[in-house]
Ligand code: SF4
Ligand code: SF4
């Protein structure tokens, strides 16, 4: 049936505002309610959540801030099955029932297998993941089915060839990854297009990396726009939304101002011009020389780390150091107060198996420990 939406911006409920910095369960509910109200008031209606976001509290937050405050027909809700936690066919039913309960709904508009890729495909097939999706659709428990994906274009093509029943694929698309060898945004998009499926975009601002551009890239930006320069984040979101198969671009909004900015330029969405597209390519080239570790802060590594090491936070500090050559000790002290230190890494490699960006986490943590702990 396709996603019934007029506006292309979706509200990703995975980086919600917090009352205690770094404490993912301390969601600032009054602010989230204000954000939701503004989003809906401006005519947007797509919300995206998932089982592990905010250590399990994102779905409940959707219920409190959206579901219990707006009629069901006034919003669209997407949720995802955490296939990494599925150990047998019965887990699909159990987790799905829990998700309906947590969200307080009787169906999802979009339901996805979360973070599918080459590694997770065998178990997903073995435990009947796709058959489960199809059953949800036939019984009306999910209006559109598909999967979110972080792997290469070749395996994506294989999955879509084997499973023409899916309606939609959620892909990481942003101008920094468009030609990238890891996320392969461009190649994956072409595969989905070839199979005639809809695309939902995640990480259009690459975990915030495209929201604050380094000086040299910023100069290209302001030279192009002059005094009327939009925010770099809006430029990145419009880039992804300009692709014709894209139905929704998700933005993980963390503050009311971000909702105001995003809904402002996406209300009467204007696609990138050819000149803006060329500018994105120039900025991509510039940034590739500046950003060292392509971490998107998705935190999938932390879900499996036995030492609860704050991997994305430490990588953000390494990225900063690469540009500024300055250490920011206070941040490290704060992060390591409630998380494992980099030097506590057991080298088990579980994090690397779960990292969609295929980052050499163990090696970089060693480097980080040498910089910050000696
Ligand atoms: S290798 Fe280190 S950082 Fe990765 S999961 Fe194991 S302990 Fe955690
Ligand atoms: S290291 Fe990988 S898995 Fe961990 S937050 Fe960064 S991109 Fe995500």
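The values are calculated or read from the model by the stated rules, or taken from the named source; none is laboratory data. Not measured: the values here are computed from a predicted model. So basically every Cβ, Gly included, is an ideal-geometry build from the backbone, and we count neighbours across all protein chains shown.
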Would you confirm whether any residue within segment 138-151 is closer than 21 Å to residue 3 by Cα, assigned to a helix (DSSP H, G or I), more than 16 Å from the chain's Cα centre (by Cα) and in the same structural domain as residue 111 (by TED's automatic domain parsing)? yes
Within the group 371, 350, which residue is more than 10 Å from ligand 2 (Cβ to nearest atom) and more than 24 Å from the chain's Cα centre (by Cα)? 371
Note down all Cβ pairs under 8 Å where the first residue falls in segment 46-74 and is over 23 Å from residue 298 (Cβ atoms), the second is at pLDDT below 95 and assigned to a loop (DSSP other than H, G, I, E, B), and they're at least six residues apart or on different chains. none
Counting just the residues of segment 294-308 that are more than 8 Å from ligand 2 (Cβ to nearest atom) and under 20 Å from the mean Cα position of the chain (by Cα), which one comes out surrounded by the most Cβ atoms within 10 Å (Cβ to Cβ)? 305
Hits in segment 332-347 - residues which are modelled with pLDDT of 90 or more, more than 13 Å from ligand 2 (Cβ to nearest atom) and either on the phi > 0 side of the Ramachandran plot or over 25 Å from the mean Cα position of the chain (by Cα) (or both): 341, 343, 344, 346, 347
Index of the failed condition, residue 350 passing every other in (1) surrounded by fewer than 17 Cβ atoms within 10 Å (Cβ to Cβ); (2) out of contact with any helix residue (DSSP H, G or I) (no Cβ under 7 Å at 6 or more places or on another chain); (3) modelled with pLDDT of 85 or more: (2)
Conditions (1) assigned to a helix (DSSP H, G or I); (2) in contact with a helix residue (DSSP H, G or I) (Cβ under 9 Å, 6 or more places away or on another chain); (3) under 16 Å from residue 56 (Cα atoms); (4) at pLDDT 95 or above; number of the one not met by residue 80: (1)
Single condition residue 119 does not satisfy, out of (1) within 18 Å of residue 356 (Cβ to Cβ); (2) surrounded by fewer than 17 Cβ atoms within 10 Å (Cβ to Cβ); (3) without any contact (Cβ under 8 Å) to a residue 60 or more places away in the chain: (3)
Determine if segment 316-331 includes at least one residue that is in a loop (DSSP other than H, G, I, E, B), more than 10 Å from ligand 1 (Cβ to nearest atom), without any contact (Cβ under 8 Å) to a residue 40 or more places away in the chain and at positive phi. yes
Among the residues that make up segment 283-296, is at least one of them under 28 Å from residue 151 (Cα atoms), within 15 Å of ligand 1 (Cβ to nearest atom) and either touching a residue at least 12 places away in the same chain (Cβ under 8 Å) or assigned to a loop (DSSP other than H, G, I, E, B) (or both)? yes
Being part of a loop (DSSP other than H, G, I, E, B) and in contact (Cβ under 8 Å) with a residue 60 or more places away in the chain narrows it down to one of 266, 253, so name that one. 253
